[in-house]
Amino acid sequence: MDYRQLKEDLIAYSKEIGIDKIGFTTADPFGELKNRLIRQQELGYQSGFEEPVIEKRTNPALLLEKPRSIIAIALAYPSKMSVRVESKKGARRGIFARASWGLDYHHILRDKLAKLEAFLAERVPGARLKSMVDTGELADRAVAERAGIGWSGKNCSIITPEFGSYVYLGEMITSIPFEPDMPMEDKCGTCTKCLDACPTGALVQGGQLNAQRCIAFLTQTKGFIPEEFRDKIGNRIYGCDSCQTACPENKGRDYHFHQEMEPDPETAKPLLKPILTISNRDFKERFGKVAGSWRGKKPIQRNAIIALAHFKDETAVEDLKEVVEKDPRPVMRGTAAWALGKIGGADASFILEKARAVEKDADVLAEIEKGISMIEE
């Protein structure tokens, strides 16, 4: 078979089905990545959401029998909303990171990869193929870097010359011996704008992230967010774009190639107060189709409380009172108590004093004390 022609045909087909960039690399193990991941593990910098077995993340042969190549794909997503909604006094809004605008990208990329699989299965009967997006074992960025999609930026994102880092990534391991593409030259140079912009110092150095300090990670956890990070979260209710928006390569980048990626502004930048009492059913109906809903409503509600504290929204005191007094979840009650302390005022003080007299949970009591002390200062 003429694999060079097959590659050209596949590239042409990828454009037909709306893949913005495609690259090819070998199925060799990712040796340098393995060493970095071991070091990350030793330092405690991992998020815990990753595939725990490093060998699976770095050796394609453990995922597909006798692999010969890996195909990497990238789809560009919007960085600006076509229709904007404003956050106003008494009607404050939170914000989802750009990667969670529009339909969940996992579904979009899996559909594209499934079409590539069908194309290859017809042309190469018996070909072994295994696709994955984000939650798969392989590290998407390492594959994309080696396949020439872009270079790995200091902000730990793949940066493409065409679309900046506003791209979703996916890959397919194959038994087909496609000729590999050349990796791209790193163009970050001496720039450190992403490191300087990181609100929590999670970017330890260029290309090294301490996920435990990363706002994108913290907004997806389910417990109490450590107090040192709460003020830095601002009104982010899912994810963080600071290291992307600071990147000079992203200046002026805004692509609207895919209708399914277009954000509904009321979902991407929702009103905060209604989130506090949203039912499971309404949450699923409202946010279930976006990537930021994958951990359920609890992290989003907790982050909405922190965002109301960020705005010092006095109109939310009654809403937070309901959470402190009636929510069965300690994380919600405690975070709301802290938020009341940040907002301050006589009403907040009265609510916290009353809650202190009846609260039984030690963690919530500690947050109530923090809230009271902030008001007394």
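Here, each number is a calculation from the coordinates, and none is a lab measurement. Computed from a predicted model, the values in this text were never measured in an experiment. Cβ coordinates were reconstructed from backbone atoms using ideal geometry, including for glycine residues, and neighbour counts include every protein chain displayed.
Residue count for the stretch 1-17, restricted to those that are among the polar types (S, T, N, Q) and under 36 Å from the mean Cα position of the chain (by Cα): 1.
Answer with yes or no whether residue 364 is surrounded by 23 or more Cβ atoms within 10 Å (Cβ to Cβ) and either in contact with a Gly (Cβ under 8 Å, 6 or more places away or on another chain) or touching a residue at least 24 places away in the same chain (Cβ under 8 Å) (or both). Reasoning before the result, please.
Details: surrounded by 23 or more Cβ atoms within 10 Å (Cβ to Cβ): yes; either in contact with a Gly (Cβ under 8 Å, 6 or more places away or on another chain) or touching a residue at least 24 places away in the same chain (Cβ under 8 Å) (or both): yes.
Criteria met by residue 364.
Among the residues of the stretch 66-81, those identified as more than 14 Å from residue 164 (Cα to Cα) and either touching a Leu at 6+ places or on another chain (Cβ under 7 Å) or of a type in the set (A, V, I, L, M, F, W, C) (or both) are 70, 71, 72, 73, 81.
Comparison of 248, 226, 263 shows that the only residue that is touching a residue at least 40 places away in the same chain (Cβ under 8 Å), surrounded by fewer than 18 Cβ atoms within 10 Å (Cβ to Cβ) and not aromatic (Phe, Trp, Tyr) is 248.
Can you go through 225, 215, 176 and tell me which one is under 30 Å from residue 129 (Cα atoms) and among the β-branched types (Val, Ile, Thr)?
Working: 225 fails: under 30 Å from residue 129 (Cα atoms); 215 fails: under 30 Å from residue 129 (Cα atoms).
Of 225, 215, 176, the one residue that is under 30 Å from residue 129 (Cα atoms) and among the β-branched types (Val, Ile, Thr) is 176.
Exactly one residue among 348, 336 is aliphatic (A, V, I, L, M), more than 24 Å from residue 220 (Cα to Cα) and within 34 Å of the chain's Cα centre (by Cα), and that residue is 348.
Is it fair to say residue 110 is assigned to a helix (DSSP H, G or I) and under 23 Å from residue 215 (Cα atoms)? Step through it out loud before you land on a result.
Details: assigned to a helix (DSSP H, G or I): yes; under 23 Å from residue 215 (Cα atoms): no.
It is false that residue 110 is assigned to a helix (DSSP H, G or I) and under 23 Å from residue 215 (Cα atoms).
Here is a list: 204, 133. Which entry is buried (at least 18 other Cβ atoms within 10 Å of the Cβ) and in contact with a helix residue (DSSP H, G or I) (Cβ under 9 Å, 6 or more places away or on another chain)? One residue alone meets the criteria, 133.
Considering only the stretch 147-243, give the strands (runs of 3 or more DSSP E) lying wholly within it that have at least 2 residues that are within 19 Å of residue 33 (Cα to Cα).
Numbers: elements: 167-174, 203-205, 236-238.
Where strands (runs of 3 or more DSSP E) fall fully within the stretch 147-243 and carry at least 2 residues being within 19 Å of residue 33 (Cα to Cα), they are 167-174, 203-205.
Of the residues in the stretch 266-293, how many are more than 23 Å from residue 319 (Cα to Cα) and either in contact (Cβ under 8 Å) with a residue 40 or more places away in the chain or crowded, with 20+ Cβ neighbours inside 10 Å (or both)? Result for the stretch 266-293: 4. Of all the listed residues (132, 172), the sole one being closer than 27 Å to residue 186 by Cβ and more than 18 Å from the chain's Cα centre (by Cα) is 172. The residue that is nearest to residue 20 (Cα to Cα), counting only those in the stretch 72-91 that are surrounded by fewer than 19 Cβ atoms within 10 Å (Cβ to Cβ), in contact (Cβ under 8 Å) with a residue 24 or more places away in the chain and out of contact with any Pro (no Cβ under 9 Å at 6 or more places or on another chain), is 80. Any residue that is closer than 22 Å to residue 146 by Cα, touching a residue at least 12 places away in the same chain (Cβ under 8 Å) and out of contact with any helix residue (DSSP H, G or I) (no Cβ under 7 Å at 6 or more places or on another chain) - is there at least one of those in the stretch 92-108? No: the stretch 92-108 contains no residue that is closer than 22 Å to residue 146 by Cα, touching a residue at least 12 places away in the same chain (Cβ under 8 Å) and out of contact with any helix residue (DSSP H, G or I) (no Cβ under 7 Å at 6 or more places or on another chain).
Taken over the stretch 64-107, the criterion of being closer than 18 Å to residue 157 by Cβ and of a type in the set (A, V, I, L, M) is satisfied by 72, 73, 74, 75, 76, 97, 99.
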